[in-house]
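Everything on this sheet refers to the single structure shown next.
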Amino acid sequence: MKRLIPGVALALSATVPAGMARRPLAQPAFSYFRTSPHASSADSRPMQVEAASQAILRATVSGPAFYAPEIFAAIEDYHNPRLKRLRDEYGLEKLVAGEPDEFRRLLKLRHWVHTRWPIDNDQKEGGDAFAILEKAKAGAGFHCSHSLTVQHAVMVSMGYVARDLGVDRNHEDLGRSIHHGVNEVWSNDYAKWVLLDAKYDIHFERNGIPLSALELHEAVRNDGGKGVVKMEGVERRQVPMDKPDAPEGTIRSYWWASYYLRPNPFSEPHWSGGSRLLVLDNDAFRNTTWYRASNDGKLVKHWAYAAHAFIPTGNRQQIEWTPGVPDLRARQVAPETLEIQLRSATPNFKTYLTRIGGGSWKPLSGDRTRWTLQPGENRFEARTQNLAGVEGPVVSAMVEFKPQRTSRK
């Protein structure tokens with residue numbers, strides 16, 4: 001039997017079973033914050049405790065919410081030898097050795113990709129990350145598609161979760177389409193997806209928070225991106241938004257945003273399935289038309305319309321799914337004991353790490369543990385760790401416990 005703690009509403013958004021449909025949200029699914037080293041108490045929300053006794057006065061959970069992927073199904077296999085080969089041949093681990101800040105590690109990897117070659121927008125040669133890097137050694141230049149390919153490979157080789165996007169300006173801006181290829185990478189520091197453009201070594205921020213492509217798309221559609229700034233390099237230098245020689249390196253490039261649904265393009269480079277593009281099913285998609293340049297330079301509808309390759313979703317949580325974020329489920333199994341069950345969508349999962357009352361982190365064998373409550377406030381924290389040693393954001397549970405007095409006869 002489940003009992004809701006008096007004064008506490010059932011937090012459905014934190015515990016929706018995988019496979020259950022969710023209603024589209026008009027606002028972003030969750031707020032963003034730095035999760036290191038401690039989650040903010042400002043984002044706390046009610047936590048359901050199954051079979052809770054009257055001794056549990058209050059139960060909350062804080063940290064990013066868990067959203068399972070139901071459209072993004074494939075992941076890059078960390079055991080694939082191509083990942084190790086890339087790390088070893090190009091000394092990727094040395095690039096970030098000794099850097100304690102994860103987001104700076106991501107920026108250092110992006111900067112490394114950016115500095116491998118000069119920009120050549122007319123480059124017709126392609127290939128995988130290895131082929132591109134080899135040609136770059138001989139002095140070849142490349143464009144955004146190559147930067148996307150190599151940055152994706154570098155990030156996943158280092159244990160991060162990356163995905164590829166095609167974005168575009170409004171064709172009415174310059175009278176032509178300016179399609180651009182970029183990556184998003186999951187930031188555990190910020191517990192969110194962030195857009196990283198390796199061609200120009202840039203990303204975008206608002207109020208010090210790196211933004212995703214979806215956020216940029218909504219910002220430029222809403223008010224032209226007011227308050228959004230462009231940051232360059234590892235040191236996050238603010239630079240002018242628009243440059244004549246870099247027409248894609250602007251928030252205007254996110255008038256359109258689509259996510260490639262190709263499975264694991266680096267570890268499975270010869271996969272030959274159809275191309276599908278995930279897009280947010282919003283007013284922008286329904287009421288305006290995406291035009292791109294054809295081979296003869298004329299503007300035509302994006303090829304995905306005729307190919308029925310757009311996969312629109314009104315559920316932004318399917319775009320903003322949360323890699324490495326644990327979901328905590330609690331059940332009281334004894335007067336002073338809770339059983340905590342964990343689940344997550346962690347690519348290349350290794351283990352859960354847990355700690356109680358601010359103690360040391362300990363790996364968990366399995367996905368369940370027992371938590372003995374003490375009188376007063378009790379805190380339980382959990383995070384994931386993948387095979388590369390990358391640790392996910394911290395999710396914390398707080399339970400206020402007041403043992404019931406035993407009546408004497």
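Quick look at the values:
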| item | result |
| --- | --- |
| Selected residue (only one of W271, W255 is under 23 Å from Q151 (Cβ atoms), surrounded by fewer than 16 Cβ atoms within 10 Å (Cβ to Cβ) and of a type in the set (A, V, I, L, M, F, W, C)) | W271 |
| Residue list for region 157-180, restricted to those being part of a loop (DSSP other than H, G, I, E, B) and among the aliphatic types (A, V, I, L, M) | M158, V161, I178 |
| Conditions (1) within 19 Å of S147 (Cβ to Cβ); (2) over 23 Å from the mean Cα position of the chain (by Cα); (3) not aromatic (F, W, Y); number of the one not met by G91 | (1) |
| Checklist (1) crowded, with 16+ Cβ neighbours inside 10 Å; (2) within 30 Å of A73 (Cα to Cα); (3) in contact (Cβ under 8 Å) with a residue 60 or more places away in the chain applied to G389, failing item | (1) |
| Among the candidates V220, V300, residue that is within 18 Å of H180 (Cα to Cα), in contact with a Ser or Thr (Cβ under 9 Å, 6 or more places away or on another chain) and touching a residue at least 24 places away in the same chain (Cβ under 8 Å) | V220 |
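Read-outs: derived from the displayed coordinates by stated rules, not from any lab. No experiment lies behind these values; they were computed from the predicted model shown. Glycine gets a Cβ as well: all are built from the backbone with ideal geometry, and neighbour counts include every protein chain shown.
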